[in-house]
């Protein structure tokens, strides 16, 4: 976690994430939807 915090504290990385962050949010949202569907369709043993 410290490495990620250190990485995102750099101005260049923050600027890039601010510019492209909406695509990251969309991708992570898609991943969570897929995992949720997989979980919903999993049988309970």
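Any read-out appearing in this document is the output of simple, stated calculations on the displayed coordinates, not a laboratory observation. Model, not experiment: these values are computed from the prediction.
Using 0.36 nm per residue, how much length does the chain from residue 43 to residue 11 gain when fully extended, once their Cα-Cα distance is taken away?
Working: separation 32, 0.36 × 32 = 11.52 nm, distance 4.64 nm.
Contour length minus the Cα-Cα distance gives 6.9 nm.
Calculate how steeply helix 11-41 sits against the longest principal axis of the alpha-carbon atoms of the chain, using the helix alpha-carbon long axis, and give the answer as 0 to 90 degrees to the nearest 10.
Result, in degrees: 0.
Ignoring everything except DSSP H segments at least 4 long, calculate the 222 nm mean residue ellipticity for the chain; use -39,500 (n - 2.57) per segment, divide by total residues, nearest 500. Mind dumping the intermediate values first?
Values: 2 runs with 38 residues, N = 45.
Roughly -29000 deg cm²/dmol at 222 nm, from the helical runs in the chain.
Percentage of Cα-Cα pair distances in the chain greater than 17 Å, rounded to whole percent? Write out the running numbers ahead of the final one.
Numbers: 549 of 990 pairs.
Above the 17 Å cut-off, the chain has 55 percent of its Cα pairs.
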